[in-house]
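The values are calculated or read from the model by the stated rules, or taken from the named source; none is laboratory data. Being a predicted model, the structure only gives us computed values, none of them experimental. Every residue, glycine among them, receives a Cβ derived from its backbone with ideal geometry; neighbour counts consider all protein chains shown. The accessibility values were calculated without ligands, DNA or RNA, using every heavy atom of the protein model including side chains. Shrake-Rupley method; radii C 1.70, N 1.55, O 1.52, S 1.80 Å.
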Amino acid sequence: MKSSVFRVESMVVPGGTESIVRGGRNLFPLLPQALHGVERIGVLGWGPQGRAQALNLRDSLAGTGITVSVGLRPGSASAADARAEGFSEDDGTLGDWLEVAASSDLVILLIADAALAANHEQIFGVLKPGATIGLSHGFLLGHLTAIGSAFPDGHPVIAVCPKGMGDSVRRLYRQGETINGAGINASIAVHADPDGHGWDRALAWSIGLGSPYTFATTLADEYRSDIVGERAILLGAVHGLVEALYRYFRIDGADPVTAYERSTEAITRPIARTISADGLVAVRAACGDRDLFDRAYSAAYRPARDLVAEIYDEVADGTELRSVILAEQRLATRPMTEIGGSPMWSYSSAVHSRRTTADQTIDPVTAGLFVATMMAQVDEFAARGHAWSEIVNESVIEAVDSLLPYMHARDVAYMVDNCSRTARLGTRRWGPRFQAAYEQIALPQLHTPADATLLKDFQDNPAHAALAAAAELRPSVDISV
């Protein structure tokens with residue numbers, strides 16, 4: 001990563017250093033210079049990311065003369081909300097998606113993955129000569145590779161990928177109005193750079209979104225780690241785990257509310273907050289029964305690692321991407337069922353009403369299984385050659401600082417039923433696989449002695465140093481939901 005505008009720093013990570021750029025509102029005056037000739041930014045789409053990014057960029061670029069416009073497909077139900085947020089056909093900041101794409105110098109493609117795969121040729125066909133193509137996900141690259149195609153020549157192709165859901169991107173940006181640097185970290189990639197300004201433009205975009213720090217990746221590494229993470233520790237594995245634990249605790253004699261608290265509540269509140277504040281090893285230290293944590297960790301790590309590796313292979317070879325596109329075709333005639341129909345979620349209100357401000361006990365079984373799954377993803381990404389910044393953000397920081405706080409406020413099932421369609425589809429495919437692994441392999445092995453080698457690998461894992469280095473760059477802010 002390089003920049004002629006922003007200060008690039010080196011972050012010490014296991015085995016060397018990585019380049020990062022710190023964000024902050026003090027850098028907003030530099031954004032026009034870094035955008036290099038961009039006078040109009042077109043954001044296509046008004047899903048969670050489209051809404052958040054359009055609003056954040058408009059606010060960050062206010063008074064600079066750079067216009068942020070939103071492009072929607074004809075008849076889009078999102079037009080009313082975009083107008084309510086101040087985008088308007090009258091001033092040219094709201095319009096047809098192809099017209100906005102044709103008039104923009106930076107076109108940020110934030111429509112759903114399957115829709116982008118189906119319509120990218122129309123968009124590419126209307127671009128201005130030399131216009132920059134912007135992505136927040138590498139799904140399109142995976143699709144183009146699978147069909148033997150590529151991005152059009154002569155256009156810079158950059159990516160800014162926030163490590164959190166759209167609601168968090170907007171909410172933490174607003175917190176940054178009073179706490180400089182509050183926001184969601186982002187990775188950036190420069191896939192094509194014909195005019196030599198790709199890194200500066202990507203950094204300007206990331207800083208304009210409010211990212212506390214930005215790290216570099218490649219577009220291929222981004223979509224692999226992102227799609228795998230959604231199906232594993234960020235969503236799919238969490239859903240499978242809480243369903244399995246709820247049943248386990250119920251069979252063990254717990255009432256429904258207590259079973260919910262020991263499974264879902266334990267993960268979304270005390271475990272998430274402990275990891276966010278003090279790291280992964282601190283979860284074990286906070287358990288009342290460390291031996292039970294160790295046995296749970298030992299029982300879950302290998303089956304979780306096997307599943308993460310299987311998901312990674314299917315993402316890397318295009319199988320998982322094709323499954324998303326095929327599912328979208330089926331969904332044209334039949335709605336997606338809701339996960340929230342499972343009996344355990346009917347106790348959500350009762351559980352929320354019992355919440356107090358006191359620290360909640362961390363259940364050692366829940367903690368052991370969850371931390372083992374998180375470390376399984378960390379280790380698989382490391383084995384596949386991902387950079388440490390990407391590993392800890394995609395496997396840990398995004399979970400504990402964005403998704404789990406939202407799940408705590410709304411519950412896991414609500415999150416799964418209201419995230420991106422690609423993530424929803426992946427969770428439905430892989431969540432039950434994780435649930436079966438926990439129920440059929442891990443939980444029956446809880447009485448087996450802990451694996452000393454696995455536990456030593458956990459204690460000595462270089463991920464802890466990488467996570468600590470990343471944590472030093474995060475502003476001190478209590479994330480609100």
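What the table below lists for this structure:
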{"quantity": "Accessible surface of the range 312-418, 1.4 Å probe, proportion on carbon and sulfur as whole %", "calculated": "50 percent"}
{"quantity": "The range 368-481, dipole about Cα centre (Lys/Arg Cβ +1, Asp/Glu Cβ -1), debye to the nearest 20", "calculated": "480 debye"}
{"quantity": "Extension reserve of the Ala146-Ala383 stretch, reckoned as 0.36 nm per residue once the Cα distance is removed", "calculated": "82.9 nm"}
{"quantity": "Vicinal HN-Hα couplings computed from phi for the range 75-86 (Karplus, 6.51 cos²θ - 1.76 cosθ + 1.60; Hz; Gly/Pro x)", "calculated": "x, 4, 6, 7, 4, 4, 5, 4, 5, 4, 8, x"}
{"quantity": "Ranking by accessible area, most exposed first, for Glu394, Glu314 with a 1.4 Å probe", "calculated": "Glu314, Glu394"}
{"quantity": "Inter-label distance for Thr361 and Ser349, nm, one decimal - labels placed 7 Å from Cα along Cα-to-Cβ", "calculated": "2.8 nm"}
{"quantity": "Radius 13 Å from Cβ of Thr64, net charge of other residues (Lys, Arg +1; Asp, Glu -1)", "calculated": "0"}
{"quantity": "Euclidean distance of C-alpha centroids, the range 204-271 and the range 110-142, integer Å", "calculated": "28 Å"}
{"quantity": "Leu135 long-range amide H proximity, modeled H, under 5 Å", "calculated": "Leu109, Ile158, Ala159, Val160"}
{"quantity": "Calculated SAXS-style log₁₀ I(q)/I(0) at q = 0.06, 0.08, 0.10, 0.11 Å⁻¹ - the chain, Debye, Cα scatterers", "calculated": "-0.26, -0.46, -0.72, -0.87"}
{"quantity": "Pairwise label distance in nanometres, Glu472 with Gln445, each label 7 Å out on the Cα-Cβ vector", "calculated": "3.7 nm"}
{"quantity": "Cβ-defined net charge surrounding Trp199, 12 Å radius [Lys, Arg +1; Asp, Glu -1]", "calculated": "-1"}
{"quantity": "Additional length obtainable on full extension of the chain from Asp457 to Asp317, 0.36 nm per residue less Cα span", "calculated": "47.4 nm"}
{"quantity": "Full-extension gain in nm, Glu99 to Thr337, via 0.36 nm per residue minus C-alpha separation", "calculated": "82.2 nm"}
{"quantity": "Helix runs (DSSP H) in the chain reaching 27 Å along axis by Cα, Kyte-Doolittle at least -1.0", "calculated": "290-316, 364-383"}
{"quantity": "The range 25-54 and the range 336-406: distance between their alpha carbon centers, rounded to Å", "calculated": "31 Å"}
{"quantity": "Using a Förster distance of 22 Å, the FRET efficiency for Asp153-Gln122 (Cβ separation, nearest 0.05)", "calculated": "0.80"}
{"quantity": "FRET efficiency, Leu30 to Glu177 (Cβ-Cβ, R0 22 Å, nearest 0.05)", "calculated": "0.75"}
{"quantity": "Neighbourhood charge, 13 Å Cβ-Cβ cut-off, centred on Ile184 and excluding it, Lys, Arg +1 and Asp, Glu -1", "calculated": "+1"}
{"quantity": "Inter-site label distance for Asp289 and Ala77 at 7 Å from Cα along Cβ, in nm", "calculated": "4.7 nm"}
{"quantity": "Student exercise, the range 128-283 dipole from Lys, Arg, Asp, Glu Cβ charges, in Debye to nearest 20", "calculated": "260 debye"}
